[in-house]
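Asks: Attaching a single structure in structure tokens format; questions to follow.
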């Protein structure tokens, strides 16, 4: 093999693009978008919260109970049945000193159903049970 043939082989090998850095960048961008994406569903259910002019922020360390218009219930984004709600909340309040529960209910949830949910949370040992609302502009 002559020196010219060897030079041609080296030039052909040098022309192939190195895809490893490109793949690394694509994976980094993918991870970035997955981590920074916010999801439209609140606690696993699609909920339209009622508005209130006296709305205040609650601490982040609360048990969140979500109720959909169709009666689906989640506790900290995990689906549960209404008859298991009290046990689920009690289990999450065991190590919580504040024992606070935030009920996130859709505007279409009946008042009777909402009272049942809040009563179950109180029976589970919650000291503070609040209803999540959107801040209304006056």
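The values are calculated or read from the model by the stated rules, or taken from the named source; none is laboratory data. If you're wondering where the values come from, they're calculated on a predicted model, not measured in any experiment. When we count neighbours, we look across all protein chains shown, and the Cβ atoms used for this are built from the backbone with ideal geometry, even at glycine.
Asks: Answer yes or no as to whether residue 82 is touching a strand residue (DSSP E or B) at 6+ places or on another chain (Cβ under 6 Å) and at pLDDT 70 or above. It would help to see each step written out before you state the result.
Replies: Details: touching a strand residue (DSSP E or B) at 6+ places or on another chain (Cβ under 6 Å): yes; at pLDDT 70 or above: yes.
Against the criterion (touching a strand residue (DSSP E or B) at 6+ places or on another chain (Cβ under 6 Å) and at pLDDT 70 or above), residue 82 qualifies.
Asks: Something else about it: Quickly run through segment 124-138 and pick out the residues that are closer than 11 Å to residue 65 by Cβ, in a loop (DSSP other than H, G, I, E, B) and touching a helix residue (DSSP H, G or I) at 6+ places or on another chain (Cβ under 7 Å).
Replies: 124, 126
Asks: Can you name every one of the strands (runs of 3 or more DSSP E) wholly within segment 73-123 that holds 2 or more residues which are surrounded by 15 or more Cβ atoms within 10 Å (Cβ to Cβ)?
Replies: In segment 73-123, the matching strands (runs of 3 or more DSSP E) lie at 73-75, 100-105.
Asks: Which one is farthest from residue 66 (Cα to Cα), of the residues in segment 1-44 that are surrounded by 10 or more Cβ atoms within 10 Å (Cβ to Cβ) and modelled with pLDDT under 70?
Replies: Per the criteria, the residue is 41.
Asks: Follow-up question, since we're still on this one. Within segment 106-116, is even one residue in contact with a strand residue (DSSP E or B) (Cβ under 6 Å, 6 or more places away or on another chain), closer than 13 Å to residue 62 by Cα, touching a residue at least 12 places away in the same chain (Cβ under 8 Å) and assigned by TED's automatic domain parsing to the domain that holds residue 61?
Replies: Going residue by residue through segment 106-116, those that are in contact with a strand residue (DSSP E or B) (Cβ under 6 Å, 6 or more places away or on another chain) are 109, 114.
With the extra rule that they be closer than 13 Å to residue 62 by Cα, the set shrinks to none.
Checked against the condition, which is being in contact with a strand residue (DSSP E or B) (Cβ under 6 Å, 6 or more places away or on another chain), closer than 13 Å to residue 62 by Cα, touching a residue at least 12 places away in the same chain (Cβ under 8 Å) and assigned by TED's automatic domain parsing to the domain that holds residue 61, segment 106-116 yields no hits at all.
Asks: I'm trying to understand the selection: among the residues of segment 45-72, which are touching a strand residue (DSSP E or B) at 6+ places or on another chain (Cβ under 8 Å), assigned to a loop (DSSP other than H, G, I, E, B) and modelled with pLDDT under 85?
Replies: Step one: list which residues in segment 45-72 are touching a strand residue (DSSP E or B) at 6+ places or on another chain (Cβ under 8 Å), which gives 45, 47, 49-53, 55, 58-59, 61-68, 72.
Those left that are additionally assigned to a loop (DSSP other than H, G, I, E, B): 47, 49-50, 53, 55, 58-59, 61-62, 68, 72.
Residues satisfying the conditions are 47, 49, 50, 53, 55, 58, 59, 61, 62.
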